[in-house]
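Below: the structure, in structure tokens.
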Amino acid sequence: MNLPNKLTTARMLLAIPFIYFLEGAETNGTIFRYIAFLLFVVASLTDWLDGYLARKHNLVTDFGKLMDPLADKILVISAMVIFVSLGWLPSWMSIVVIAREFLISGIRTLAATQGEVIPAGNLGKYKTTTQMIVIIIMLFFGDKYWSIKYYEYMMLIPVILTIWSGWEYTVKAKHYFLNQS
């Protein structure tokens, strides 16, 4: 396994302690939220680093094309679901993101049955980047400094990109749906 793929795997594994500390932040205090913040920042940086190294050293693999977006989904959806349980985000935002991810995973599965691997597109990368930035801001400030409404407004940008990129993937992949009997 090459280094970019190891970084992708590490990002998936970092989701476990991230979830633990973020869920524990409500009862165990600010230190747990800051640990979750640090874990999320490190995991987010591995997203950038694995892509950079894979392209720079020509280490792009089918594993990376499939697992890198999955690692991002695990991390982002974990944060959003916990934010809903903490009352920091409305549930519809999390549901939109999760539904889009299921849709894209379905499209990628259909493509794989035909021997194709669909890598993340630019719009999907912008979506993930904005999601991670807003989540980092939310983790850093918590619910003490800003009104929760500000988080909802900030998360509108990645949610709009989520819908837009989901639409783009679906339109580009319509031939997979049309060829099914």
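All of the numbers you see were taken from the coordinates with simple rules; none came from a lab. Small disclaimer: the values here were computed from a predicted structure and weren't measured. Cβ atoms come from the backbone with ideal geometry, glycine included; neighbour counts cover every protein chain shown.
Observations
- For the chain, the ratio of Cα radius of gyration to the globular rule of thumb 2.2 N^0.38 Å stands at 1.06.
- Candidate cross-link partners of LYS56 among the aspartates and glutamates, defined by an alpha-carbon separation under 20 Å and a same-chain spacing of 8 or more, comprise ASP47, ASP68.
- Dipole axis of the stretch 17-167 (+1 Lys, Arg; -1 Asp, Glu on Cβ), positive-most option in ALA112, LEU59, ILE77: LEU59
- When +1 charges are put on Lys and Arg Cβ atoms and -1 charges on Asp and Glu Cβ atoms, the dipole computed for the stretch 1-116 relative to its Cα centre reaches about 180 debye.
- Sorting PHE102, PHE18 from the fewest to the most surrounding beta carbons within 10 angstrom yields PHE102, PHE18.
- FRET E, pair ARG55, VAL117, Förster distance 25 Å, beta-carbon r, rounded to 0.05: 0.95
- Computed over the chain: relative contact order in percent, which uses C-alpha pairs under 8 Å that are six or more apart: 25 percent
- Residues HIS175 and ILE77, FRET efficiency given R0 of 35 Å [Cβ-Cβ distance, rounded to 0.05]: 0.80
- Ordering ILE157, LEU13, ASN28 by the projection of their Cα atoms onto the charge dipole of the chain, which places +1 on the Cβ of Lys and Arg and -1 on the Cβ of Asp and Glu, puts ILE157 at the extreme positive end.
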